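Novice: Here's a structure for you.
The values are calculated or read from the model by the stated rules, or taken from the named source; none is laboratory data. In this text the structure is predicted, and so the values were computed from the model without any measurement. In this analysis, Cβ positions are derived from the backbone assuming ideal geometry, glycine residues included, and neighbour counts consider all displayed protein chains. Just so you know, the surface numbers come from the protein's heavy atoms only, side chains and all, with ligands and any DNA or RNA stripped out. Shrake-Rupley method; radii C 1.70, N 1.55, O 1.52, S 1.80 Å.
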Amino acid sequence: MKTVLITGATSGIGLSCARKFAENGDRLILTARSGNKLTEIKDELKAMGADVLTLTFDVRDRNAASLAIKNLPKEWSEIDVLINNAGLALGLEPEYEGNLDDWETMIDTNIKGLLNMTRLIVPGMVERDCGHIINIGSVAGDAAYAGGNVYCATKAAVKALSDGLRIDVANTSIRVTNLKPGLVETNFSNIRFHGDTERAANVYKGIKPLSGDDIADVALYAANAPSHVQIAEVLILATHQASGSVIVRK
Ligand code: 8X3
């Protein structure tokens, strides 16, 4: 049984990971910005018999994150798996027309938020010589696609930060995984298009997209691989998607 901390645990891939790891018998620390949603999910998972602790804070808020992690009850303080899932895309405008607030939110959440959590939790893993960081990257980090610009850059950063961390902990038993999903049908596109549900639905039209569960399955596999096996990076695409920009719709 592992203690697994998941950021952005109230929706999408984060929520799927929470359910899959709970089914696996792990203990969960779930973090997100919405306390109400966290409580709902905690109740759901507790009904399945899972041991769950919730922490309400925004990964962008370095002080709030630090306060929450440093004040973890002793029995929850040894985190075995950190799933850096909190992240988002906003907008699909050409780079010369993008919204600067959107850019800042993506950079602050996808890069700096991930770094905040890594910086807070990995030192304990190093001390114990044990742990696993699973970063949710994206196919978007492999190559830019039209309008992806800043979002793609943040996911390229997730790849570089995963690779860098893997080097920095190579002398320990800690493992670092970068999961790179393609089209996953969650609230992702709805958020990207600021609530334009019709535009969001079009993203998944004519193709069977991945689900959050498909990604959580891979995260669970990586976390439970034998200790000498480091699943360093996995690109997970829908069958009719070949890259960030090649999608065959029928
Ligand atoms: C999400 C995948 O292809 O919509 O990171 O950018 S994609």
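Novice: Step by step: first the residues of segment 176-194, then only those that are farther than 30 Å from GLY131 by Cβ and in a loop (DSSP other than H, G, I, E, B), then the one that is farthest from the ligand (Cβ to nearest atom). Which residue is that?
Specialist: If we take residues in segment 176-194 being farther than 30 Å from GLY131 by Cβ and in a loop (DSSP other than H, G, I, E, B), then HIS194 is farthest from the ligand (Cβ to nearest atom).
Novice: Another question, if that's okay. Take the residues in segment 208-222 that are within 13 Å of the ligand (Cβ to nearest atom) and not in a loop (DSSP other than H, G, I, E, B), then tell me which one is farthest from the chain's Cα centre (by Cα).
Specialist: Per the criteria, the residue is LEU210.
Novice: Quick check on my filter: what residues within segment 125-136 are open to solvent by less than 20 Å² (accessible area, probe 1.4 Å) and more than 12 Å from the ligand (Cβ to nearest atom)?
Specialist: The answer is MET125, GLY131, HIS132, ILE133, ILE134, ASN135.
Novice: Related question: Only residues that are in contact with a helix residue (DSSP H, G or I) (Cβ under 6 Å, 6 or more places away or on another chain) and open to solvent by less than 40 Å² (accessible area, probe 1.4 Å): list them for segment 99-115, please.
Specialist: MET106, ASN110, ILE111
Novice: Okay, next question. Could you say whether any residue in segment 143-151 is in contact (Cβ under 8 Å) with a residue 40 or more places away in the chain, assigned to a helix (DSSP H, G or I), surrounded by fewer than 22 Cβ atoms within 10 Å (Cβ to Cβ) and more than 15 Å from the ligand (Cβ to nearest atom)?
Specialist: Among the residues of segment 143-151, not one is in contact (Cβ under 8 Å) with a residue 40 or more places away in the chain, assigned to a helix (DSSP H, G or I), surrounded by fewer than 22 Cβ atoms within 10 Å (Cβ to Cβ) and more than 15 Å from the ligand (Cβ to nearest atom), which makes the answer no.
Novice: Quick one: which of VAL139, VAL122 is within 15 Å of the ligand (Cβ to nearest atom), open to solvent by less than 20 Å² (accessible area, probe 1.4 Å) and β-branched (Val, Ile, Thr)?
Specialist: Exactly one of VAL139, VAL122 is within 15 Å of the ligand (Cβ to nearest atom), open to solvent by less than 20 Å² (accessible area, probe 1.4 Å) and β-branched (Val, Ile, Thr), namely VAL139.
Novice: If ASN36 meets every condition in (1) open to solvent by 50 Å² or more (accessible area, probe 1.4 Å); (2) farther than 30 Å from ILE107 by Cβ apart from one, which number is that one?
Specialist: ASN36 satisfies all of (1) open to solvent by 50 Å² or more (accessible area, probe 1.4 Å); (2) farther than 30 Å from ILE107 by Cβ except (2).
Novice: LYS205: of a type in the set (D, E, K, R), more than 10 Å from the ligand (Cβ to nearest atom) and at pLDDT below 95, yes or no?
Specialist: For LYS205, the condition - of a type in the set (D, E, K, R), more than 10 Å from the ligand (Cβ to nearest atom) and at pLDDT below 95 - is met.
Every residue, every condition in (1) open to solvent by less than 70 Å² (accessible area, probe 1.4 Å); (2) touching a strand residue (DSSP E or B) at 6+ places or on another chain (Cβ under 8 Å), yes or no:
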{"position": "SER173", "(1), (2)": "yes, no"}
{"position": "THR177", "(1), (2)": "yes, yes"}
{"position": "GLY182", "(1), (2)": "yes, yes"}
{"position": "PHE188", "(1), (2)": "yes, no"}
{"position": "PHE193", "(1), (2)": "yes, no"}
{"position": "ARG199", "(1), (2)": "no, no"}
{"position": "LYS205", "(1), (2)": "no, no"}
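Novice: Right, here's the next one. For segment 154-168, check the following and say yes or no: at least one residue is more than 16 Å from the ligand (Cβ to nearest atom), modelled with pLDDT of 95 or more and either over 29 Å from VAL122 (Cβ atoms) or crowded, with 21+ Cβ neighbours inside 10 Å (or both).
Specialist: no
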